[in-house]
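So the structure is just underneath, and the comments pick up after that.
The values are calculated or read from the model by the stated rules, or taken from the named source; none is laboratory data. Keep in mind it's a predicted model, so treat the numbers as computed, not measured. Please note: Cβ atoms are built from the backbone with ideal geometry, for glycine as well, and neighbour counts cover all protein chains shown.
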């Protein structure tokens with residue numbers, strides 16, 4: 001492992017992954033909150049024709065030209081989506097699907113043209129489909145860091161405006177904020193994040209870098225600032241772990257390993273997050289189900305006491321099971337531990353009887369009071 005950490009190529013790839021992770025995680029959080037998760041997929045596919053055009057214009061594989069072309073076509077795709085949404089009756093998913101397929105088709109055609117042109121045999125632009133992290137150079141890191149820093153500085157400078165338009169665009173418009181312009185700026189920044197990741201994870205998988213870290217971070221917090229920070233950390237850490245896994249197992253592509261690592265983070269978050277995870281949700285459903293059953297038992301005991309005109313009337317457990325149609329033993333034990341019911345023993349052959357306590361009657365009189373405490 002120490003030998004791997006000293007590898008020059010691995011260091012370069014890991015630094016690039018950290019830069020990409022921080023940018024995509026932070027900006028992707030706003031895409032997810034705005035319910036524009038598919039936008040990253042559309043922009044990443046739309047970047048392919050820009051890569052090919054950048055190669056044709058520059059006459060070679062110059063990264064600044066390729067990224068500029070990818071950014072231009074990505075922004076063009078975003079404008080196309082916006083026009084289709086506002087000037088037609090198409091829903092957002094249909095508009096995104098149209099832009100994604102059309103721009104990607106144009107990119108594949110241009111890619112074929114580039115590969116057939118004279119002297120382009122070594123262009124290797126097809127690596128932008130799935131990424132080739134090992135091709136990243138130290139000089140490329142400077143460009144990536146500069147673009148990412150500019151995007152993050154702009155994000156911090158317009159933080160309040162982006163926050164307000166993400167959660168309540170109608171209220172933001174009523175305050176006089178240029179909502180459409182802010183949406184366009186955010187879309188352009190997401191396009192920047194997409195462009196940064198094309199060489200590392202490729203067109204096909206870049207949407208995961210936008211969506212997955214934000215989804216994972218959202219499970220742990222309701223605060224936007226903390227969500228953005230967690231998303232950046234998850235994405236950056238996944239990039240480093242993916243690069244290490246790729247370097248330790250020769251022949252495995254770095255980009256897909258980064259995405260798979262992100263998938264693991266997302267799965268863990270969706271499952272075990274304390275408030276929004278599947279496990280926590282299952283526990284809440286179980287508590288509600290038990291509280292409802294407890295309340296049914298209390299109500300039945302109270303009803304039977306009223307029928308017999310005796311507030312201390314005790315009912316046999318078998319009778320309660322018959323009325324409820326299910327076993328009431330677990331509910332009775334929980335209620336007994338909470339002090340809401342108590343046992344009354346008559347003759348041995350009659351079995352255990354149960355009746356309400358004063359606390360049980362109070363819990364029944366106030367919906368929800370004391371009943372949930374029987375199943376913490």
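One table, with the values for the structure above:
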read-out: Among the candidates 193, 232, 245, residue that is crowded, with 21+ Cβ neighbours inside 10 Å, more than 12 Å from the chain's Cα centre (by Cα) and farther than 25 Å from residue 104 by Cβ; value: 232
read-out: Odd one out for residue 61, checked against (1) part of a helix (DSSP H, G or I); (2) closer than 29 Å to residue 132 by Cβ; value: (1)
read-out: Pair list, Cβ < 7 Å and 6+ apart or interchain, from segment 236-249 residues that are not assigned by TED's automatic domain parsing to the domain that holds residue 208 to residues that are at pLDDT 90 or above and in a helix (DSSP H, G or I); value: none
read-out: Residue check for residue 53: within 16 Å of residue 97 (Cα to Cα) and either in the same structural domain as residue 151 (by TED's automatic domain parsing) or touching a residue at least 60 places away in the same chain (Cβ under 8 Å) (or both); value: no
read-out: Any hit, segment 296-303, residues being more than 19 Å from residue 357 (Cβ to Cβ), touching a residue at least 60 places away in the same chain (Cβ under 8 Å) and assigned by TED's automatic domain parsing to the domain that holds residue 353; value: no
